[in-house]
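The structure appears right after this line, and notes come after that.
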Amino acid sequence: MNYVEIIGYVASILVAISLTMSQILKLRVINFVGAVTFAIYGYFLGAYPILIVNTFIACINIYYLIKMYKTKDQFDQFEVTGDSTYLNRFFLHYKDDIQLFFTDFKYENFEENKIIFILRNMRPVNLIVYNEQDNGITEILLDYTIAEYRDFLNGKYLVSMFKSMVAEGDNRQLVSKATNGAHEKYLYRLGFSKNDNGLFVKKI
C-alpha cells in the first residue's frame, strides 16, 4: 500500500464518520476535512473529477461554517406544568433517549417539580426539571437536550437562567447527579465541581 492509497482510505473514513454526526457543526467540520483529503487524493491520482468535486464540497462546507459562526442563536424559556399536553408528547417522543442518560427518571417526577423548556431559535431543544429547597439548593433532576443541539450552548444558557432567578445577596447552589461519563464531562465544563457525596455542585 502506497501513501496515495492511505490518503484515499483516510478520506473515505473521514467522510463516513462525518455522516454519523448528529450535530451539524461537527458534521460540517469533519466533512470539510474529508473533502479536502479526497481532493488531495484526486490530485495525486491525476483524477481531476475527484479533485474538482471535493474542492467544491469543501467550499460549500466553508460557506456554511462561516454562516453558522456569524449566526447568533436566540435563547428563551417557558415554564410548563406536569399536566401539559406538549410536555407529555415531548417526553413520549424522546423517552428512549432520555432514559439512556437519566435511567432513574420517570414521568411521575414531573408532578412534584418545576419544569422549563429552553427554546433555541424558538425550537424547544432542552427540557429541565428541578426543585428549589429551603437550604439554598436548586436540585436539577433532568437536563435533557435533543441530539442535534448538544454543543454546551444550552448548558451555558441554563446556568445564566438560574443565575437570573437568584435574588441579589442570596447564596444558592445548583446540584446535579452525573449519570455517565459524558454527563460528568458536561457538568465539569459548565463549572460544576464534585463533592464528597459524588454530587456535582455549582455556586450561582
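Read-outs: derived from the displayed coordinates by stated rules, not from any lab. Worth saying up front: this structure is predicted, and the values here are computed from it rather than measured. Here the Cβ positions follow ideal geometry from the backbone for every residue, glycine too, while neighbour counts run over all protein chains shown.
Brief remarks on what is shown
- With the simple spin-label model, which puts each label point 7 Å out from Cα in the Cβ direction, the Gln99 to Met68 separation comes to 3.2 nm.
- Separation between Cα centres of segment 154-191 and segment 12-47, rounded to whole Å: 36
- With a simple spin-label model that places each label point 7 Å from the Cα along the Cα-to-Cβ direction, the separation between Glu79 and Met165 comes to 0.7 nm.
- Cα shape, segment 139-183, gyration tensor, a/c 1.5 rule: oblate
- Overall form of segment 92-162 per C-alpha gyration tensor (a/c, 1.5; a/b vs b/c): oblate
- Per-residue Cβ neighbour counts within 10 Å put Val125, Val33, Val53 in the sequence Val53, Val33, Val125, beginning with the fewest.
- Counting neighbouring beta carbons within 10 Å and listing from fewest to most, the residues Tyr9, Tyr48 come out as Tyr48, Tyr9.
- Neighbour-count ranking [beta-carbon atoms within 10 angstrom, fewest first] of Asp96, Asp151, Asp134: Asp134, Asp96, Asp151
- Within the straight-line cut-off of under 23 Å between alpha carbons, the lysines reachable from Lys70 are Lys26, Lys156, sequence neighbours fewer than 8 places apart in one chain being disregarded.
- Percent RCO, i.e. relative contact order, over segment 3-70, from Cα pairs under 8 Å lying at least 6 residues apart: 31
- Per DSSP, loop chymotrypsin sites (Phe, Trp or Tyr not before Pro) in segment 107-176 with at most 16 further Cβ within 10 Å: Tyr107, Phe152
- Whole-Hz Karplus values for segment 15-25 come out as 5, 4, 4, 4, 6, 8, 6, 7, 8, 4, 4 Hz, taken residue by residue from phi with 6.51 cos²θ - 1.76 cosθ + 1.60 and θ = phi - 60°; glycine and proline positions read x.
- Each Cα pair under 8 Å and six or more residues apart adds its separation to the average, and for the chain the resulting relative contact order is 14 percent.
- Cut-off under 5 Å, modelled amide H: who pairs with Leu142 long-range: Val129
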